[in-house]
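Please treat every number below as a calculation from the coordinates, not as lab data. Keep in mind it's a predicted model, so treat the numbers as computed, not measured. Every residue, glycine as well, gets a Cβ built from its backbone with ideal geometry; the counts of neighbours run over all protein chains shown.
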Amino acid sequence: MAKNGKILEKLASWIQQCLHDKAKIVANDFLIDKDTKKKRQIDITITLNDGPTKFIAIVEARDRSRPVGVPYIEQVYAKMHSVNANMAIVISSKGFYKTAKTKANLLGIKLFSLEDALRVNWSATFNRLDDIEIHEIISDYVTIYMLEKDSNTIIEFDKKSSLELEKDQSFKIFLDKNMKPFKSLPDIYREVLNKSLFGVIKNTSPKRYNLIMNYISSTPVYFVDILGNVRQLDRLCLSGKFWIKKEQVPVNLKKYIDCESGKTVAEIIDADIGGKSLEIMCTNPDDINTERKIHIGVFNTKPPQN
């Protein structure tokens, strides 16, 4: 949207009224791009911090002479992943082309006209779920290479470590700052999988990739190269087949109602996800003037293996 401050301010104020008071609403905000480390402008950010739970949504408003098309929806989707947001919402003063609506539905982006955005119950937008789509990255025949930071030349491990890896992939080949065994190759792979590959892998059937990326961690990781030199892990390549597995998981909604007032005092949404139970509880879900708390828990449903 041509940055109409009054409209954004009005919209941010309305969203704040709809969401409980722990939600932080900021118009014309900036978030850090995880790849470039530069600030990205966001029309409105919605941040919820409640204990261990952190949720970030970005709202992008568009005020042009014609409806929003597919390219802009794709831009917002890419921005959402680049700034590590959990949800993206697009608001248009002129509506949306049919193809844009189809694309947004496939990408999980919510669309509103400006008029609807100023009257919709934003609490319901977040808390009324019919199902959850689970995305899981599947891989096959993956090889991990350590790379020189500047030239992308492959760095080989020292012979002792290589022999240990041939016996056991879980061998802790990586060292901490005190040169103590710290992490294994599978540990590094899981970290990269969770941090870097969602948003990059989009195909739902196997496709070969050579994925080169920087390794970013709050704790430095080291290894010994073939010449016996201690090297810090800065850059790596994943070579193999990757694809996304998508699964729609139905959720169950339970309401707890006060017998005297008839008011809903809590809602619990739960879903069974691969042997684990995801449970989300929202207190006072229908009252915008009362503090509402959201609790998220994950519980094992399979008995432990002997």
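Tabulated data for the structure shown
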{"item": "Label-point gap, in nm, between Met213 and Val249 - each point 7 angstrom along Cα→Cβ", "result": "2.1"}
{"item": "Convex hull volume per residue in cubic angstrom - Cα atoms of region 135-247", "result": "110"}
{"item": "Net lengthening on full extension, Gln75/Glu115 (0.36 nm per residue, minus Cα-Cα)", "result": "12.1 nm"}
{"item": "Unsatisfied cross-links (Cα-Cα over 18 Å) in the set Lys39/Lys94; Lys103/Lys246; Lys110/Lys207; Lys149/Lys207; Lys34/Lys276", "result": "Lys39/Lys94; Lys110/Lys207; Lys149/Lys207; Lys34/Lys276"}
